[in-house]
């Protein structure tokens, strides 16, 4: 899943972006809930493995090379065991995924704020083209010149009709 594509905004289609916003929010919120569930399951699995290994080390310390049972010796053997290491890696990966999705949810929330601000800017005609102030004196001269030209043409037409 590409989070970066989902946070992009097409500023020429704000109506479509607004319609899409709740779907994106729901989508990433559901993904975050699923990721949190995976973290909880990975923690639970790690705890079970820790308890099983603790029991196994206590019941058979010689198998683990322990002469005298101490909490430190038990814990040391647990954390280096392959099952524990694998479960711990899975937990770390689940936490990372959860944090990345949490960041995506945050980005989607920021996207909402950006959409709101873009709509405000459009409402204030921020994106409208430049407005050139009208030069009324130039327009008046042009209008006067056009009237003079029209009068000249009318006079010629009148003379042409009189001769004919």
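The values are calculated or read from the model by the stated rules, or taken from the named source; none is laboratory data. In this text, all values refer to a predicted model and were calculated from it rather than measured experimentally. A quick note on method: Cβ atoms are made from the backbone with ideal geometry, for glycine too, and the neighbour counts reach across all protein chains shown.
Considering only segment 60-95, state which residues are outside any helix (DSSP H, G or I) and within 30 Å of residue 35 (Cα to Cα). Can you show your working first?
Residues of segment 60-95 outside any helix (DSSP H, G or I): 60, 65-70, 81.
Passing the criteria: only 81.
Being more than 26 Å from the chain's Cα centre (by Cα) and in contact (Cβ under 8 Å) with a residue 12 or more places away in the chain is the filter; apply it to segment 85-101 and report the residue that is surrounded by the most Cβ atoms within 10 Å (Cβ to Cβ).
Going through segment 85-101, the residues more than 26 Å from the chain's Cα centre (by Cα) turn out to be 85-90.
Then drop every residue that is not in contact (Cβ under 8 Å) with a residue 12 or more places away in the chain, which leaves 87-88, 90.
Working: 87: 20, 88: 16, 90: 17.
Ranking the candidates gives 87 first.
For residue 129, state whether it is outside any helix (DSSP H, G or I) and over 26 Å from residue 24 (Cβ atoms). Quick ask: steps written out before the conclusion?
Details: outside any helix (DSSP H, G or I): yes; over 26 Å from residue 24 (Cβ atoms): yes.
Criteria met by residue 129.
Tell me, yes or no, whether segment 66-84 has at least one residue that is surrounded by 14 or more Cβ atoms within 10 Å (Cβ to Cβ), in contact (Cβ under 8 Å) with a residue 24 or more places away in the chain and under 30 Å from residue 127 (Cβ atoms).
No, segment 66-84 contains no residue that is surrounded by 14 or more Cβ atoms within 10 Å (Cβ to Cβ), in contact (Cβ under 8 Å) with a residue 24 or more places away in the chain and under 30 Å from residue 127 (Cβ atoms).
Does residue 11 satisfy being touching a helix residue (DSSP H, G or I) at 6+ places or on another chain (Cβ under 8 Å), over 14 Å from residue 97 (Cα atoms), modelled with pLDDT under 95 and in a helix (DSSP H, G or I)? Outline the logic, then answer.
Values: touching a helix residue (DSSP H, G or I) at 6+ places or on another chain (Cβ under 8 Å): yes; over 14 Å from residue 97 (Cα atoms): yes; modelled with pLDDT under 95: yes; in a helix (DSSP H, G or I): no.
The answer is no for residue 11.
Say we look at segment 110-127 and pick out the residues that are exposed (fewer than 13 other Cβ atoms within 10 Å of the Cβ) and in contact with a helix residue (DSSP H, G or I) (Cβ under 8 Å, 6 or more places away or on another chain); which of these is farthest from residue 39 (Cα to Cα)?
Residue satisfying both the conditions and the ranking: 127.
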